[in-house]
Amino acid sequence: MTTPALARHLIDGELLGEPMKERANPARIGEIAVLSPSGTPADADDAISAAVAAQPQWARTPLPARGAILLKAAELLRERTPQVAADLVREEGKTIGEATGEVGRAIGVLQFFGSLGWASTGSTFSSALPGTTITTRREPIGVVGLITPWNFPIAIPAWKAAPALISGNAVVLKPAELTPMSATHLAVALHDAGLPHGVFNVVHGGGRVVGDAIARDPRVTALSFTGSTTVGLGLEKTLQTRRARVQLEMGGKNGVLVIDDADARRAAQVVSAGGFSLTGQACTATSRVYVTPGIHDEFLDALAEFAGNYTPGDGLDNASTMGPVVSDDQLQRDVSAVQQAIDGGARLLTGSADSDGLRFAPVIAIDVEHTAPIATEEIFGPVVAVIDVPDYEAGLSALNDSAYGLTAGICTTSLKYSSDFADRVQAGVVKVNRPTSGLDLHVPFGGIKESSSNTFREQGHSATQFYTWEKTTYIGTE
Ligand code: NAD
């Protein structure tokens, strides 16, 4: 039995809070993975006060010096990767390979935004007025709140914090309650890299307690949230009421269209990687597939074969190719979605509505109606619904008939269909012959419809726009 990791708040440069709240390891019954403090509104208030006090000096710190701290934090996380990844597996469940990849993503994000310390920060224009120059520059927005989910417990905090920090903001982060340790590792790396006290703060605790206190505080000038659509839309109202800036990345129901001219095995590999990697617990995971008649049987045979490669188990055990479901609540959602589909007439090609503890094998549901809940509602587990469609047009139209619009994919060898799909599909990210999950860190990411606030994008250069506003200065030189 491993000793629990100890997560702490980081408030004004100090690790604080009694770590009392237990988080069980989802792969090992009876093992406590982490103990963390349960923050209060007073803790959130302290963290926001520290951020308000620290932000002006941080914004005046030369940009290359700010970048150097992010680069140093990346280096520290690289040295600490074995420990950070193992703690991530214990609290969240994904396999050690997936966790190491996630820590690598956080490192890459810190490097990307750290390198912006040397980038241009504005533009110069000549004016219509004689003897006048116009410059634009981006100013930090102030103190930003970040509220993050459990499924990428270090990558998502990093990809929100790094653009916020390089832009000269101070940050208060509220990580998910299920995964407090990964965010603590990020905070400690930033602190050890020399980030001034108060510039980056973490407060653990409940969404309705700490998250709500951050969202309502008038000193928090912007809030970036990733999580469920229900919680996100509630936060949007709160932030809009006080006219603060808000960014939401929320649920998804990502579809792939597999058409007759695709390579059936390649398509099956794309769909299984998108649907079952990360235990299907990715906002970008594939959860519905539309298949045309000519490729149907060959594709399903191959998909069942690839699904068989996923063996759920302890993520720290090299024999496991898939981690457990993150929690009992999530398992209940997976199981009841599958049972409801069976009751509605679907058949299971692989998997079942049963689990071994939190180990839940990949489910492929066939004979699914396009309007069935398993084809329309987010489950967030390793469950793929297959819907038969007569042709490309019907498949595209069914895929677009969704409340969500995060990622979408097509498997085809045709240039005509791949470019038409990219033009007409309603999703923020489009993948051709690639899994719907898996993103590069230097390009914009975000959804449309109920998947996103659809205002500002995350990741890459675009990410800094949310954390800054543009100032235009006219300089008369005579
Ligand atoms: P969740 O919405 O339950 O929680 C997300 C965060 O919000 C947590 O930190 C939680 O404590 C906090 N929270 C909950 N209620 C709150 C409230 N009333 N006020 C303030 N904060 C509150 O989501 P989850 O279960 O942690 O994560 C799974 C969801 O996240 C899925 O819907 C998934 O699609 C989504 N997700 C989206 C993306 C994306 O980029 N679009 C990425 C990862 C996960």
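The values are calculated or read from the model by the stated rules, or taken from the named source; none is laboratory data. Keep in mind that what you see is a predicted model, and the values were worked out from it rather than measured. Positions of Cβ are backbone-derived with ideal geometry, glycine not excepted, and every protein chain shown enters the neighbour counts. Just so you know, the surface numbers come from the protein's heavy atoms only, side chains and all, with ligands and any DNA or RNA stripped out. Shrake-Rupley method; radii C 1.70, N 1.55, O 1.52, S 1.80 Å.
How much length is gained if the chain between E305 and Q57 is pulled fully straight, taking 0.36 nm per residue apart and subtracting their Cα-Cα distance, in nm to one decimal? Mind showing how you got there, number by number?
Details: separation 248, 0.36 × 248 = 89.28 nm, distance 5.76 nm.
Stretched out fully, the E305 to Q57 stretch lengthens by 83.5 nm.
Please give the Cα centre distance for region 152-188 versus region 379-400, rounded to the nearest Å.
Taking the Cα centre of region 379-400 as reference, the centre of region 152-188 is 35 Å away.
With every protein chain left in place, what is the accessible area of H442 in Å² (1.4 Å probe, nearest 10)?
100 Å²
Let me make sure I get this right: for region 299-386, a, b and c are the square roots of the gyration tensor eigenvalues over alpha carbons, sorted descending. Under 1.5 in a/c it's rounded, otherwise prolate if a/b > b/c, else oblate. Which is it?
oblate
From the residues P324, F421, I342, which one has its Cα farthest along the dipole of region 254-432 in the positive direction, the dipole being from +1 and -1 charges on Cβ of Lys/Arg and Asp/Glu about the Cα centre?
Among P324, F421, I342, the one farthest towards the positive end of the dipole of region 254-432 is F421.
Starting from the Cα of S419, step 7 Å along the direction of its Cβ; do the same at R242; then give the gap between the two resulting points in nm.
5.0 nm
Nothing charged except the Cβ atoms of Lys and Arg (+1) and of Asp and Glu (-1): what's the magnitude of the dipole of region 254-432 about its Cα centre? Round to the nearest 20 debye.
Details: 9 positive and 25 negative charges, 83 e Å.
I would put it at about 400 debye.
Rounded, prolate or oblate: which fits region 344-465 when a ≥ b ≥ c are the square roots of the eigenvalues of the alpha-carbon gyration tensor, with rounded for a/c under 1.5 and prolate only if a/b beats b/c? Could you put the intermediate results ahead of the total?
Details: a/c = 1.97, a/b = 1.36, b/c = 1.45.
Taking the square roots of the gyration eigenvalues as a ≥ b ≥ c, region 344-465 is oblate.
Let me know the charge dipole size of region 166-224 about its Cα centre in debye, to the nearest 20, where only the beta-carbon of Lys, Arg (+1) and Asp, Glu (-1) is charged. Please report the intermediate quantities before stating the final value.
Details: 4 positive and 4 negative charges, 32 e Å.
About 160 debye.
Starting from the Cα-Cα distance between S462 and A128, subtract it from 0.36 nm times their residue separation and give me the gain in nm to one decimal. Could the numbers behind the result be given before it?
Details: separation 334, 0.36 × 334 = 120.24 nm, distance 2.93 nm.
So the extension gain works out to 117.3 nm.
Only bridges whose two residues both fall in the chain count here: according to DSSP, what percent of them are antiparallel, nearest 5?
Numbers: 30 of 70 bridges.
Given both bridge residues lie in the chain, the antiparallel proportion sits at roughly 45 percent.
Using a Förster distance of 22 angstrom, determine the FRET efficiency expected from the C-beta separation of E14 and Q83, and round it to 0.05.
Values: r = 22 Å, r/R0 = 0.98.
In this case the efficiency is close to 0.55.
Once the piece of chain linking S115 and N318 is laid out straight, how much longer is it, given 0.36 nm per residue of separation minus the C-alpha distance between them? Mind dumping the intermediate values first?
Details: separation 203, 0.36 × 203 = 73.08 nm, distance 3.51 nm.
Extending this stretch completely gives an extra 69.6 nm.
Over the chain, what is the relative contact order in whole percent, taking alpha-carbon pairs under 8 Å and six or more residues apart?
Numbers: 1165 pairs, mean separation 83.7, N = 478.
18 percent.
Leaving out ligands and nucleic acids, and using a 1.4 Å probe, what accessible area per residue does the chain come to in Å²? It would help to have the intermediate numbers written out before the result.
On the way: 18840 Å² over 478 residues.
With the other protein chains kept in place, the chain gives 39 Å² per residue.
Give the residue from I379, G39, Y290 lying farthest towards the positive end of the charge dipole for the chain; charges sit on Cβ (+1 for Lys and Arg, -1 for Asp and Glu) and the dipole is referred to the Cα centre.
G39
Which shape class, rounded, prolate or oblate, goes with the chain when its Cα gyration tensor gives a ≥ b ≥ c as root eigenvalues, a/c under 1.5 marks rounded, and past that a/b bigger than b/c marks prolate? Please list the in-between numbers first.
Working: a/c = 2.06, a/b = 1.36, b/c = 1.52.
In terms of gyration-tensor shape, oblate.
Round to the nearest 0.05 the FRET efficiency obtained for N400 and H442 when R0 = 25 Å and r is the Cβ-Cβ distance. Present the calculation step by step, with values, prior to reporting the outcome.
Numbers: r = 28 Å, r/R0 = 1.12.
Efficiency computed from Cβ-Cβ geometry: 0.35.
Protein chains only, probe 1.4 Å: how do Y290, Y404 rank by accessible area, largest first?
Largest accessible area first, the list is Y404, Y290.
Measuring from label point to label point, each 7 Å out along Cα→Cβ, what is the Q332 to R266 span in nm?
4.4 nm
Charges only on Cβ, +1 for Lys and Arg, -1 for Asp and Glu: so what's the dipole of the chain about the Cα centre, in debye to the nearest 20? Display every interim value, and only then the final one.
On the way: 37 positive and 52 negative charges, 362 e Å.
Charge dipole, the chain, about its Cα centre: 1740 debye, nearest 20.
FRET efficiency for T473 and H197, Cβ-Cβ distance as r, R0 = 41 Å, nearest 0.05? Kindly include the intermediate steps, with their values, before the conclusion.
On the way: r = 32 Å, r/R0 = 0.77.
E between T473 and H197, to the nearest 0.05, is 0.80.
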